[in-house]
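The values are calculated or read from the model by the stated rules, or taken from the named source; none is laboratory data. As the structure is a prediction and not an experimental result, all values here were calculated from the model. Because the Cβ atoms are built from the backbone with ideal geometry, glycine has one as well, and the counts that use them run over all protein chains shown. Only protein heavy atoms, including side chains, enter the accessible area calculation; ligands, DNA and RNA are left aside. Shrake-Rupley method; radii C 1.70, N 1.55, O 1.52, S 1.80 Å.
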Amino acid sequence: MSDAPSELHVEPTSGELTPGETVGAGDPAVTLCELKLAAVLEIGAWPNRLEAVTETLATLCQADPPGRPGRFSQGDAALLGWLAFGRFLWLSDAEEDATRLGEALDTNDAAVVDLGSARQGVRLSGAAAIDTLNKQVAIDFDLKAFPPGSLAQAVIDQVPVVILRRSEDSFDLLVSSSLADAFLCWLRDAAAEFG
């Protein structure tokens, strides 16, 4: 499996982030695009069922399991992230995945929570993506410390954010829908100097 995970559905943002809008001179060093996420699920495995749940999720995702917390795998069916011990993140373009995972995982093994309407995502990419994030995030984004396929949870401008590194200079950022406007306002201001 490649170190650089494949893409989720991405398109230019609307509202606070205007498609094609640039600030500064020349080509922009950072771009912001909305992530279209049909399924956003969090799966909590009971401690004595972690191995079985991990195997089931990897099979459904059609990828190798992430291996440890702080990593994610991109499969043909979905992106599977390991948030913390026993907690997984599932992102896909299939709205029916909440039902599919609920049926595949017995309640004695895990709990599946549909966060589809409660999460929004944006892709931050470009040469200045790390400089933009480092205005509020104290994560070592060196490729050896945080390679593509890594994920972390952080607080940016008082907003909890899940950060997924898609490639050397591309990051997916997931936030609560209720705080998305405030987060996008901060992100736009932070990125403005880079275009």
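Here is a check on your reading of the model: is A52 modelled with pLDDT of 90 or more, in a helix (DSSP H, G or I), open to solvent by 30 Å² or more (accessible area, probe 1.4 Å) and not polar (S, T, N, Q)?
Judged against the criteria, A52 is a match.
If you go through region 60-67 one residue at a time, do you hit one that is under 21 Å from G149 (Cα atoms), touching a Phe, Trp or Tyr at 6+ places or on another chain (Cβ under 6 Å), open to solvent by 10 Å² or more (accessible area, probe 1.4 Å) and in contact (Cβ under 8 Å) with a residue 12 or more places away in the chain?
yes
Condition check: part of a strand (DSSP E or B) and open to solvent by less than 10 Å² (accessible area, probe 1.4 Å). Does L57 satisfy that?
When the stated conditions are applied, L57 does not pass them.
Out of region 162-174, which residues are in a strand (DSSP E or B) and out of contact with any Phe, Trp or Tyr (no Cβ under 7 Å at 6 or more places or on another chain)?
Matches in region 162-174: V162, R166, S167, S170, F171, D172, L173, L174.
Of all residues in region 116-134, which are open to solvent by 80 Å² or more (accessible area, probe 1.4 Å) and either without any contact (Cβ under 8 Å) to a residue 40 or more places away in the chain or over 17 Å from the mean Cα position of the chain (by Cα) (or both)?
A127, D131
Just one of R165, R87 is surrounded by 20 or more Cβ atoms within 10 Å (Cβ to Cβ) and either touching a Cys at 6+ places or on another chain (Cβ under 6 Å) or within 19 Å of P69 (Cα to Cα) (or both); which is it?
On inspection, the qualifying residue turns out to be R165.
Mind listing just one residue for me: the one in region 135-162 that is at positive phi and not acidic (D, E) and, of those, least open to solvent (accessible area, probe 1.4 Å)?
Only one residue fits best here, namely G149.
I'd like to check something: does region 103-115 contain any residue that is among the small types (G, A, S), open to solvent by less than 70 Å² (accessible area, probe 1.4 Å), assigned to a helix (DSSP H, G or I) and at pLDDT 95 or above?
yes
Go through A180, A127 for me and flag whichever is in a helix (DSSP H, G or I), over 24 Å from L57 (Cα atoms) and not polar (S, T, N, Q).
A180 is the lone residue from the list that is in a helix (DSSP H, G or I), over 24 Å from L57 (Cα atoms) and not polar (S, T, N, Q).
Among (1) within 17 Å of the chain's Cα centre (by Cα); (2) within 19 Å of A63 (Cβ to Cβ); (3) part of a strand (DSSP E or B), which single condition is A94 missing?
Going through the list (1) within 17 Å of the chain's Cα centre (by Cα); (2) within 19 Å of A63 (Cβ to Cβ); (3) part of a strand (DSSP E or B), A94 breaks only (3).
Take T22 and decide whether it is out of contact with any Phe, Trp or Tyr (no Cβ under 6 Å at 6 or more places or on another chain), surrounded by 12 or more Cβ atoms within 10 Å (Cβ to Cβ) and modelled with pLDDT of 60 or more.
no
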